[in-house]
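I have placed the structure first, in the form of structure tokens, so that the comments after it can refer back to it.
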Amino acid sequence: MTMTLWMTLVIALLLLILVFIVIGTLHSGISPMPSSKKAYQAMETMADQTGNTPLVDLGSGWGNLALRLAKRYPDRQVYGYEVSWIPFLFSVMMKKLLKLDNLTLARQDFFTADWPDNATLLCYLFPGAMQRVADVLKQDKTSVDYVICNNFALPGHQPEQSMQIQDFYRSPIYFYRLASITSS
Ligand SMILES: C[S@@+](CC[C@H](N)C(=O)[O-])C[C@H]1O[C@@H](n2cnc3c(N)ncnc32)[C@H](O)[C@@H]1O
């Protein structure tokens, strides 16, 4: 094969990947942009305060946060739900490479998933999705113990802690201990 043909194939593949990512973004309402390193560190400090609860990354993107959490807490179950195919497949590949048996990844809309009992939710979403998460929590169908949010607050709830980190966006990070808590 000539060099030009190879180049054309690579560009076509990259364009296809880009198209899939754009479709995923339009479908979910947010791109798979990962949290910043400082945001991860802040969220992990908060996750340290959530006992042995299962950790659920709502919209796990490329898997950066879910993979970090599964490595940090080998004795805890970590779940990641993601609708966008390319980031999801990448995260599954990384999970296999890193042999993280305590991490479960699903290509699924997290609003249709059964979250584990007494979960700690981790969210880096957008205001509309945070409102929907708050609505689900109100319905009492789930038992969520804690919610940790990057950037966008959980409407109708008072955070127990909040901090502004020194990343590019000066992101606020929120920690909620929900009133219905049954374990810690
Ligand atoms: C900004 S990224 C956050 C990635 C990762 N949680 C992090 O903090 O690095 C948000 C991800 O949520 C996904 N997402 C948004 N709504 C979703 C839904 N209802 N179900 C599953 N994934 C969703 C998007 O596709 C996107 O990849």
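Structure notes:
- Region 150-165, subset farther than 13 Å from Arg177 by Cβ and of a type outside the set (S, T, N, Q), residue farthest from the chain's Cα centre (by Cα): Gly156
- The set of residues in region 61-106 being within 12 Å of the ligand (Cβ to nearest atom), of a type in the set (A, V, I, L, M, F, W, C) and open to solvent by 20 Å² or more (accessible area, probe 1.4 Å) consists of Trp62, Val83, Trp85, Ile86, Phe88, Phe90, Leu105, Ala106.
- Matching residues in region 18-55 - criterion: being farther than 30 Å from Asp117 by Cβ and more than 14 Å from the ligand (Cβ to nearest atom): Leu18, Val19
- So Thr142, is it at pLDDT 95 or above and within 20 Å of Gly51 (Cβ to Cβ): no
- Once region 31-78 is narrowed to residues that are outside any helix (DSSP H, G or I) and hydrophobic (A, V, I, L, M, F, W, C), the residue that is modelled with the lowest pLDDT is Met33.
- Ile148 meets all of the listed conditions (1) at pLDDT below 95; (2) within 22 Å of Gly63 (Cα to Cα) but one, namely (1).
- When region 116-134 is filtered for residues that are in a helix (DSSP H, G or I), over 21 Å from Trp85 (Cα atoms) and open to solvent by less than 60 Å² (accessible area, probe 1.4 Å), the ones remaining, listed by number, are Gly128, Met130, Val133, Ala134.
- Pairs, first assigned to a loop (DSSP other than H, G, I, E, B) in region 92-115, second open to solvent by 60 Å² or more (accessible area, probe 1.4 Å), C-beta under 7 Å, six or more apart: Leu100/Lys71; Asn102/Pro74; Asn102/Gln77; Arg107/Trp85
The values are calculated or read from the model by the stated rules, or taken from the named source; none is laboratory data. What you see is a predicted model, and the numbers here were worked out from it, not measured in a lab. Note that we place each Cβ from the backbone using ideal geometry, even for glycine, and neighbour counts take in every protein chain shown. The accessibility values were calculated without ligands, DNA or RNA, using every heavy atom of the protein model including side chains. Shrake-Rupley method; radii C 1.70, N 1.55, O 1.52, S 1.80 Å.
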